[in-house]
1. Where a Cα-Cα gap under 30 Å defines reach, which lysines qualify for Lys80, not counting those fewer than 8 residues away within the same chain?
2. Let me know the volume per residue of the alpha-carbon convex hull for the stretch 34-114, in Å³.
3. Starting from the Cα of Lys102, draw a straight line to each of the lysines and keep only those under 18 Å, dropping any in the same chain fewer than 8 residues away.
4. Can you tell me the relative contact order of the chain? Whole percent, Cα pairs under 8 Å, sequence separation 6 or more.
5. Arranged from highest to lowest average of other beta-carbon atoms within 10 Å per residue, in what order do the peptides 263-270, 120-127 appear?
6. Under 20 Å Cα to Cα from Lys279, which aspartates and glutamates show up? Leave out anything in the same chain fewer than 8 places away.
7. If you compute Kirkwood radius over Cα pairs in Å for the structure shown, which of (1) 19.6; (2) 21.0; (3) 23.5 do you land on?
Amino acid sequence: MTMSEAINEARRCLNCARPTCRTGCPIANNIPQFIRALSEGNIGLAYETIAERSNLPAICGRVCPHERQCEAHCVLTKNKHGIEIGSLEMFIADFAHENNLKPLPPSTGKRGKVAVIGSGPAGLACADQLNKAGHSVTVYERADRAGGLLMYGIPNMKLDKHLVERRIKLLEEAGVTFELNSEIGHKISSETLLKQFDAIALCTGSTVPLDLTIPGRELQGIHFAKDYLHSVTKSFLDSSLQDKKAVSAKGKDVIVIGGGDTGTDCVATAIRQGCRSVKQIEI
């Protein structure tokens, strides 16, 4: 999307007296205001408006299900195609990065030391907010790369990992510290954290998958979605898939149980690996 295309798309907004698009946003992003600013060519204000509510605009602009949320609430959808809110958010965030536009700097003077456990989307957002408030923040991640779900749960073709790394780098530049390969309770005790920090924020995701106790579950070739996606992304990042550590669906007939976003990611990954066939089962 070019600047002129983005502005033209923003100008399609009806400037509703009672906009409904914002009600469809889980974080109540001020969509009407940033679209209005963009339509006037004030992309700096548009980015500042988004950054007030969203800690991960470049990522949310790509992976948030806009078509089911904010875009579905756009009144233009009643008669024609609604505003491409996700595309505009992505464009504004990318433009801001390319032109070194940054949200307001952290508050001066550190107020306290806070440990954030988990570097997924919740951990990154929490660390960003705490840092902006003037706290000294250290993020602990048990994996070898920060990002959690964003790094290893979402395939690269859906979310390029340089975008996640870019956001983490910006947090580091703002003063946030990341400790990788640091599983709390194993490498570092909770007692140690309690002594070193004034507060601890738990931002861990669920790594326990839903299993099925059905006949045949013990057979070979059955993988949890998270393990499958993690193995493919890690192998891709570590060696461009040359280490052969990725679970491969090449030449195989694949069945994916579950029709949500994760199931769809598995379907897309299996197809890209060259599976012979794929069937998705939804309850």
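1. Once the sequence-local lysines are set aside, what remains near Lys80 is Lys158.
2. Numbers: hull volume 9.9 nm³, N = 81.
Spread over its residues, the Cα hull of the stretch 34-114 gives 122 Å³ apiece.
3. The reachable lysines, counting only those whose Cα sits under 18 Å from Lys102, are Lys132, Lys169.
4. This gives 13 percent for the chain.
5. Details: 263-270: 20.0, 120-127: 23.0.
Taking the mean over residues of other Cβ atoms within 10 Å, the ranking is 120-127, 263-270.
6. In chain and number order, the partners are Asp211, Asp227, Asp253, Asp261, Asp265.
7. (2)
No value in this document is a laboratory result; all are computed from the given coordinates. Owing to the predicted nature of the structure, the values given are computational and were not obtained by experimental measurement. Cβ coordinates were reconstructed from backbone atoms using ideal geometry, including for glycine residues, and neighbour counts include every protein chain displayed.
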